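Computed from the coordinates by the stated procedures, all read-outs in this text should not be read as laboratory data. These numbers come from a predicted model, not from an experiment. Positions of Cβ are generated from backbone atoms using ideal geometry, with glycine treated the same way; all protein chains shown enter the neighbour counts.
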Amino acid sequence: VDGLIIGTAGHVDHGKTEIVRALTGRETDRLREEKERGISIVLGFAPLKLGEGMSAGIVDVPGHERFVKNMVSGAVGVDVALLVVAADEGVMPQTEEHLEVLRLLGVTRGVVAITKIDLVDSELADVTESEVRDLLAQSGFGDFPFVRTSAVTGEGVEDLKEALEKEAGLVGSRKEGDFFRMPIDRVFTRSGIGTIVTGTTWSGSVGKGDELVIEPTGKRTRIREVQSFEHTLGRAMPGMRAALALHGIRVDEIDIGCQAITPGKLGVSSIIDASVEMSWLKGSKLKNRQRVRFHHAAAEILARVVLLDRDALEPGETGFVQLRLESPTVAVWGDRFVIRSYSPMHVIAGGRILDPAASKKRRFKSDTVSILEDLNSDSEKTRALALARDAGSAGFPVSGLVRFGMTREAADDTCAELTGEGLAFAVGEMLFDAGVVEKKEKEVVAAIEKFISGNRLIWGMDREELKEKMGLQNGPLFEFMLERGKGTGTLFFREGRIRAGNGERKLSPDDERMLGEIEAAMRSAGYEFQTLSDLAAAGADPQRLVSYLRILQERGSVVRVLKDSYMHADHHGALLAGLRKMIAEGGSITVGDFKDTFGFSRKFAVPLLEYLDGEGYTRREGDMRVAGPRLAEVDPDE
Ligand SMILES: Nc1nc2c(ncn2[C@@H]2O[C@H](COP(=O)(O)OP(=O)(O)OP(=O)(O)O)[C@@H](O)[C@H]2O)c(=O)[nH]1
Ligand SMILES: [Mg+2]
């Protein structure tokens, strides 16, 4: 069974701790200083048995305005609020501030206890009750049930328990998630046990022997024992109060506000993008780059707020911000937080984390705002697509979606839906926005066409050159686009080159005439290979000659025999066939035999035989040539 957390809220001295004692029989003020001063300072905890085997953890917060920091750290995991208002005092500043904290953290359920009714007549209790109803209505809360109580006479305590039980029954169960995560709100040692941390578990479950990392310090530890309210548990489930006894880590290595997390799941970050909502409380205002107190997951971290889409935020307004933290934290999409002003310390805003590990952003950029609007969506598809769009041609790793409020399974399902609908492409582990890919494909075609129009004699653009030009050296997108181009018949491939539009090169009549002339020159040269300079001397444009020769090679009318040396393909074929016949008859040949048979000088014979050795048609043995491994491939009738 999942846990459930009830959190007290209310002004100092209004009877929070007393009512928790009346409900649970537990004293949550444990510090000597708390007992001496008669006020709560730190968080207190007590278990509350509800009907039908349900049980809840109560977090009792201090009401004094100096300890709002502690109140907020206790409020982060609350499912049901227990708003305590003393009948004799009515709504006071921390009644409002605590309620605002709960609202900004997204708490929607609660019960109001009008306490100390033994001190007032029912008329005054009515006045207090109507004040609280007004406050709830103003803050946009629904109708909370009201119960009048006295910790002195015990009046209303059972009714309060029933009301809490009813609200608790309406809270949906938490998603377990892929990993364990618990903000730490207490750290202490117990002799014979060692270091113990406590907190409200946010996601996942843990048991004895499990490994954890304490962030942001990165220290590893293993769980010695799991308890909840002094009872040893097999596993701690989400939404529980849990005490974890830890191996191999000292108390002074852990601070309140650290998080205990399954290792390898989340990294630390200091830049966070978020949506914020300003408090309705008087004087709530945020200016760009204002220094604030960022309360998140039981930690208070100083930060500057960069307003991304506004010049300033006034009470009740909403906007997108970038939080630049002065020390790192571990955040996940959807985490709620509260912002207090630096000095004096007042609750001024709250919000939800949209990008837990952002990079610095400039203000007033429409792209940024549109991505953040999508990340502010509860639809997993909308978020995943926004991340893919933002990642551009680099793509977004599917595994990274886990930091954006999805389990790995949900991430895979989301990607499958997006690709099924043609909105995205999944290539290996990366997700690409379909619009981004289609735009890039157009750029690829344009780059190839531009290249070809400037190099009309070259069949296509070099693959590696294209990849670099597109900035796609890293990642799988380039290969993916080529495959798609092949599939749709828009791209053509030949020997490391890529052509767009059609697979055939269009040559001008002038080019065709030049090609004919070169071929004729090669043919009349017979077995004597022609070098580039031979051909240039015969009148061919040396600039274009190499391209023309490449085209003739592609057409199969010319063979390159040595560097810068070419032979007509008919003569090349006849040469090989003649060679095969000679060696078949005599077993071997000399340079002299070769020269005489084909009728050329030593100047041609020696380099040609070296070429034939290199190609594997012949093999040198002393002064003789014997058959090479490839000679058998030669067509003897050529
Ligand atoms: N007569 C009367 N006194 C009460 C009642 N509840 C609490 N008190 C007294 O009010 C004082 C404050 O009670 P606490 O329960 O400590 O108040 P709190 O809200 O926990 O105070 P902080 O935690 O410091 O914010 C104590 O002296 C209690 O005895 C009640 O129902 N009737
Ligand atoms: Mg108290």
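Looking at (1) within 30 Å of Ile458 (Cα to Cα); (2) loosely packed, with under 13 Cβ neighbours inside 10 Å; (3) not aliphatic (A, V, I, L, M), can you tell me which one Asp596 breaks?
Asp596 satisfies every listed condition except (1).
Restricting to the stretch 35-53, count the residues that are basic (Lys, Arg) and either buried (at least 18 other Cβ atoms within 10 Å of the Cβ) or under 42 Å from the mean Cα position of the chain (by Cα) (or both).
Looking only at that region, the number is 1.
If you go through the stretch 69-85 one residue at a time, how many are more than 20 Å from Leu48 (Cα to Cα) and surrounded by 24 or more Cβ atoms within 10 Å (Cβ to Cβ)?
Let us first name the residues in the stretch 69-85 that are more than 20 Å from Leu48 (Cα to Cα), namely 69-70, 72-73, 85.
Now restrict to residues that are surrounded by 24 or more Cβ atoms within 10 Å (Cβ to Cβ): 72-73, 85.
Within the stretch 69-85, residues that are more than 20 Å from Leu48 (Cα to Cα) and surrounded by 24 or more Cβ atoms within 10 Å (Cβ to Cβ) number 3.
Tell me whether the stretch 68-82 contains one or more residues that are part of a helix (DSSP H, G or I), within 12 Å of ligand 2 (Cβ to nearest atom), within 24 Å of Ala243 (Cα to Cα) and of a type in the set (S, T, N, Q).
The answer is yes; a qualifying residue exists.
Report, by residue number, each residue of the stretch 18-57 that is more than 12 Å from ligand 1 (Cβ to nearest atom) and in contact with a Pro (Cβ under 9 Å, 6 or more places away or on another chain).
If the condition is that a residue be more than 12 Å from ligand 1 (Cβ to nearest atom) and in contact with a Pro (Cβ under 9 Å, 6 or more places away or on another chain), then Thr24, Arg26, Ser55, Ala56, Gly57 are the ones that fit.
Which one is farthest from Glu449 (Cα to Cα) among residues in the stretch 497-531 that are surrounded by fewer than 12 Cβ atoms within 10 Å (Cβ to Cβ) and of a type in the set (Ser, Thr, Tyr)?
Looking at residues that are surrounded by fewer than 12 Cβ atoms within 10 Å (Cβ to Cβ) and of a type in the set (Ser, Thr, Tyr), I get Ser524.
If we scan the stretch 458-470, do we find a residue that is out of contact with any His (no Cβ under 6 Å at 6 or more places or on another chain), assigned to a strand (DSSP E or B) and within 30 Å of Gln553 (Cα to Cα)?
yes
Just to be sure I understand the filter: pairs with C-beta atoms under 9 Å, separated by 6 or more residues or on different chains, first member in the stretch 58-86 and closer than 14 Å to Leu104 by Cβ and within 12 Å of ligand 1 (Cβ to nearest atom), second member part of a strand (DSSP E or B) and among the aliphatic types (A, V, I, L, M). Which pairs pass?
From the stretch 58-86, the pairs are Val68/Val347; Met71/Ala9.
Look at the stretch 166-217 and say how many of its residues are in contact (Cβ under 8 Å) with a residue 12 or more places away in the chain, assigned to a loop (DSSP other than H, G, I, E, B), farther than 15 Å from Ala245 by Cα and not polar (S, T, N, Q).
The total comes to 11.
Among the listed residues Ile348, Ile339, Ile371, identify the single one that is crowded, with 21+ Cβ neighbours inside 10 Å and either more than 20 Å from Ala303 (Cβ to Cβ) or touching a Gly at 6+ places or on another chain (Cβ under 6 Å) (or both).
From the options Ile348, Ile339, Ile371, the qualifying one is Ile371.
Looking at the stretch 389-410, can you tell me whether even one residue there is assigned to a loop (DSSP other than H, G, I, E, B), surrounded by fewer than 21 Cβ atoms within 10 Å (Cβ to Cβ) and under 26 Å from the mean Cα position of the chain (by Cα)?
yes
Would you confirm, using the coordinates I've provided, whether Arg602 is charged (D, E, K, R) and either on the phi > 0 side of the Ramachandran plot or in contact with a strand residue (DSSP E or B) (Cβ under 7 Å, 6 or more places away or on another chain) (or both)?
no
Within the stretch 259-290, take every residue that is over 30 Å from Arg186 (Cβ atoms) and part of a strand (DSSP E or B) and give me the one that is nearest to the chain's Cα centre (by Cα).
So, considering only residues that are over 30 Å from Arg186 (Cβ atoms) and part of a strand (DSSP E or B), the one nearest to the chain's Cα centre (by Cα) is Asp273.
Can you tell me which of (1) part of a loop (DSSP other than H, G, I, E, B); (2) more than 28 Å from the chain's Cα centre (by Cα); (3) surrounded by 19 or more Cβ atoms within 10 Å (Cβ to Cβ); (4) aliphatic (A, V, I, L, M) is the one Ile256 doesn't meet?
Result: Ile256 fails condition (2) only.
Considering only the stretch 1-34, state which residues are within 11 Å of ligand 2 (Cβ to nearest atom), surrounded by fewer than 24 Cβ atoms within 10 Å (Cβ to Cβ) and not in a loop (DSSP other than H, G, I, E, B).
Passing the criteria: Glu18, Arg21, Glu34.
Could you tell me which residue of the stretch 101-113 is farthest from ligand 2 (Cβ to nearest atom), considering only residues that are surrounded by 24 or more Cβ atoms within 10 Å (Cβ to Cβ) and either of a type in the set (Gly, Ala, Ser) or assigned to a helix (DSSP H, G or I) (or both)?
The residue in question is Leu104.
Condition first: closer than 19 Å to Gly110 by Cβ and more than 9 Å from ligand 2 (Cβ to nearest atom). Now tell me which residues in the stretch 35-50 satisfy that.
Leu43, Phe45, Ala46, Leu48, Leu50
Checking the conditions here, which among Asp118, Asp134, Asp126 is within 15 Å of ligand 1 (Cβ to nearest atom), part of a helix (DSSP H, G or I) and among the acidic types (Asp, Glu)?
Result of the check over Asp118, Asp134, Asp126: Asp118.
If a residue must be over 24 Å from Val402 (Cβ atoms) and not in a loop (DSSP other than H, G, I, E, B), how many such residues does the stretch 325-365 contain?
So the count comes out to 9.
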